[in-house]
């Protein structure tokens, strides 16, 4: 059984495409993924930009967030072709993980909005959907957390070093895989659990902790 970790990066659909936006407010502009073998070792990676069809530019806030520019995607292939290549790259006999279920929903909504009927009977895509795991939620349960965390926060609180720049599809996929692998190692898991407990345990303050005594001056004794 292989383990695949996926992350999508998106751009907003332009406001004039109102019908499209009723189904999907964004378009995929990058698919990044990492594949681990049965021993949880990285054996392959996937990274492709996707050319948006419903916005002529990558909006500035998404350029700032992802580092992906309009120039980067200008020569990229369209969503349907990149998705087909990704499905073929995944192969069979695998579980696929994403940080939250947003990426799975994005694929479903974008396929519907773009009326890509060829995927309706695609067995590879059906297999992917059936074997998709929301690892953000699973990680929350594994660590007995009361709330969900961003990927970078989860990596940091686990005592691991976040690798690369966040909001890059391949980078985020790598870091999700990093968390997964650490959580499957008993020693690493204990380190993670301990790091989380220490980081999330409220510190008890006293009134003395709130006063900076270095800033206080005692008045001189009055002259007799």
- Query: Of the conditions (1) surrounded by 14 or more Cβ atoms within 10 Å (Cβ to Cβ); (2) over 16 Å from the mean Cα position of the chain (by Cα); (3) under 26 Å from residue 117 (Cα atoms), residue 58 fails just one. Which one is it?
  - Reply: (3)
- Message: Between 116, 170, 151, which is within 23 Å of residue 79 (Cβ to Cβ), modelled with pLDDT of 95 or more and either buried (at least 18 other Cβ atoms within 10 Å of the Cβ) or within 18 Å of the chain's Cα centre (by Cα) (or both)?
- Response: 170
- Query: Residues in the stretch 77-101 that are in contact (Cβ under 8 Å) with a residue 40 or more places away in the chain and either under 16 Å from residue 30 (Cβ atoms) or in contact with a helix residue (DSSP H, G or I) (Cβ under 9 Å, 6 or more places away or on another chain) (or both): how many?
  - Reply: 14
- Item | Top-ranked residue in the stretch 192-211 [being touching a helix residue (DSSP H, G or I) at 6+ places or on another chain (Cβ under 8 Å) and either outside any helix (DSSP H, G or I) or surrounded by fewer than 18 Cβ atoms within 10 Å (Cβ to Cβ) (or both); ranked as modelled with the lowest pLDDT] | 200
- Only residues that are in contact with a strand residue (DSSP E or B) (Cβ under 6 Å, 6 or more places away or on another chain) and over 13 Å from residue 98 (Cβ atoms): list them for the stretch 19-37, please. 26, 27, 29, 30, 35, 36, 37
- Note on the structure: Just one listed residue, out of 50, 63, 42, 34, is surrounded by 14 or more Cβ atoms within 10 Å (Cβ to Cβ), free of Cβ contacts under 8 Å to residues at least 24 places away in the same chain and under 19 Å from the mean Cα position of the chain (by Cα), and it is 63
- Item | Tabulated pairs, the stretch 120-135, first more than 20 Å from residue 178 (Cα to Cα), second surrounded by 12 or more Cβ atoms within 10 Å (Cβ to Cβ), C-beta under 6 angstrom, 6+ apart or interchain | 124/87; 125/87; 125/119; 128/96
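The values are calculated or read from the model by the stated rules, or taken from the named source; none is laboratory data. Computed from a prediction, not measured in an experiment: that's the story for all the values here. Don't worry about glycine lacking a Cβ; one is built from the backbone with ideal geometry, like all the others, and counts go over all protein chains shown.
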